[in-house]
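The values are calculated or read from the model by the stated rules, or taken from the named source; none is laboratory data. Computed from a predicted structure; not experimentally measured. Reconstructed Cβ throughout: ideal geometry from the backbone, glycine too, with neighbour counts over all protein chains shown. What goes into the accessible areas is simple: the full protein's heavy atoms, side chains included, and nothing from ligands, DNA or RNA. Shrake-Rupley method; radii C 1.70, N 1.55, O 1.52, S 1.80 Å.
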Amino acid sequence: MDRSLLILYGSETGCAQDVAENLARQARRRHFKTRVIAMDDYDKSQFVEEKLVFFVCSTTGQGIEPANMKKFWKFLLRKNLPNDILSDLDCAVLGLGDSSYRKFNYPSKKLYKRLLQLGANMLIERGDCDDQHYLGLDGAFEPWAKNLWDNVLEKYPTTK
Ligand code: FMN
């Protein structure tokens, strides 16, 4: 089975990028061939070929997506994308935000919904990292990542 994994992030001040890189280390330990790329640095013409993609994105402004995912997000919003275009894609979405803001984790919520609309298969429910958690981002990240790997490895078992 193909064990290529793409991790796409949108990050304003680096936290979502750190989380994406942490996930990539976890993936490589599980023998996935892993790329980590900012959404807007990714060649989106390849996107429909991807089989396994994790998205990590934060929130800035008042519920606004980070600058380095704006173009990719606009591309996903195109009205002429067929609603089954991502039916071969397994994916997962993790948001980073702060629940003291009214629009808590909005970009990841919108991204999750849009991916589902385009037919993507979600491996697990969206995760919400929260600056207000007493353990910081790890408070939600660690249990979410554990659940993610439990599900991913069921579908992509390690042979070694
Ligand atoms: N979090 C939210 O959930 N909703 C927001 O509207 C929101 N606005 C923010 C605005 C600013 C200027 C800053 C600095 C943070 C905001 N946050 C908001 C919290 C960030 O999303 C959170 O700190 C995240 O971990 C930052 O990740 P990043 O470094 O990858 O951008």
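What the table below lists for this structure:
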| read-out | value |
| --- | --- |
| The lone exception for residue 154 - which of (1) among the acidic types (Asp, Glu); (2) free of Cβ contacts under 8 Å to residues at least 12 places away in the same chain; (3) touching a Ser or Thr at 6+ places or on another chain (Cβ under 6 Å) it fails | (3) |
| Strands (runs of 3 or more DSSP E) within the stretch 21-118 that include 1 or more residues open to solvent by 80 Å² or more (accessible area, probe 1.4 Å) and modelled with pLDDT of 95 or more | 33-38 |
| Test: residue in the stretch 122-136 that is part of a helix (DSSP H, G or I) and open to solvent by less than 20 Å² (accessible area, probe 1.4 Å) | no |
| Residue match in the stretch 6-20 (condition: part of a helix (DSSP H, G or I) and touching a helix residue (DSSP H, G or I) at 6+ places or on another chain (Cβ under 8 Å)) | yes |
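To keep it simple, each residue is scored yes or no on (1) within 27 Å of residue 130 (Cα to Cα); (2) more than 16 Å from the ligand (Cβ to nearest atom).
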residue	(1), (2)
9	yes, no
15	yes, no
32	no, yes
42	yes, yes
55	yes, no
58	yes, no
